Amino acid sequence: MTDMPAPTDSARDRLNLVVESYHRLTGRPLLDSSHSDLWQACWTLPRVIVAHGTEADPIFFYGNQLALRCFELSFAAFTRLPSRYSAEPLLRAEREALLLRVHERGFIDDYAGVRISASGRRFRIEQAVVWNLLDDAGERHGQAATFEHWLPLPDR
């Protein structure tokens, strides 16, 4: 199991934006409001949460414990990974179309697709929600995704 990283103030602020943007755009809470420590609550949530910034080649800035297990990376390695590498090369165009759709609509809650771990293990995600990270002024700070359904795929 991956140890929970110690959050910086900036990391806490970004994760708060992930949670607030989800609620603002979908009208649903990402997690119940009984948690006093958002960092701990998101880290241990029984669903994947990932988020990337707005760089020219967006880099993941957050992945919870379950995401790190799916992608077979440490938090340090995951938060240096360009998000496009979460998909196989042939599926990256599909991923780009998805992100454009999210950018235009704010969020989608019907995404399914194939992802790849650091070791090359392929898995299909289903019923994923992907949303824009928007602050109170409407400024975009990236995108995030959450899903709880994934299926390992056979080796090619």
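What to note about this one:
- Strands (runs of 3 or more DSSP E) contained entirely in the range 47-116, each with at least 2 residues that are under 11 Å from the mean Cα position of the chain (by Cα): 48-52, 60-63
- Counted residues, the range 47-56 - those being in contact with a helix residue (DSSP H, G or I) (Cβ under 7 Å, 6 or more places away or on another chain) and surrounded by fewer than 16 Cβ atoms within 10 Å (Cβ to Cβ): 0
- Test: residue in the range 56-70 that is touching a residue at least 60 places away in the same chain (Cβ under 8 Å), in contact with a His (Cβ under 7 Å, 6 or more places away or on another chain) and of a type outside the set (Asp, Glu): yes
- Restricting attention to the range 100-111, the residues being within 20 Å of LEU30 (Cα to Cα) and surrounded by 13 or more Cβ atoms within 10 Å (Cβ to Cβ) number 6.
- Qualifying residue in the range 1-21 (condition: closer than 23 Å to ILE108 by Cα and touching a Lys or Arg at 6+ places or on another chain (Cβ under 9 Å)): no
- Hey, THR146 β-branched (Val, Ile, Thr), in contact with a helix residue (DSSP H, G or I) (Cβ under 8 Å, 6 or more places away or on another chain) and at pLDDT 95 or above or not: yes
- Residue match in the range 38-46 (condition: touching a residue at least 60 places away in the same chain (Cβ under 8 Å), out of contact with any Lys or Arg (no Cβ under 7 Å at 6 or more places or on another chain) and part of a helix (DSSP H, G or I)): no
- Single residue of the range 117-156 satisfying the filter (of a type in the set (Lys, Arg) and part of a strand (DSSP E or B)) that is surrounded by the most Cβ atoms within 10 Å (Cβ to Cβ): ARG122
The values are calculated or read from the model by the stated rules, or taken from the named source; none is laboratory data. All values derive from a computational prediction rather than experimental measurement. So basically every Cβ, Gly included, is an ideal-geometry build from the backbone, and we count neighbours across all protein chains shown.
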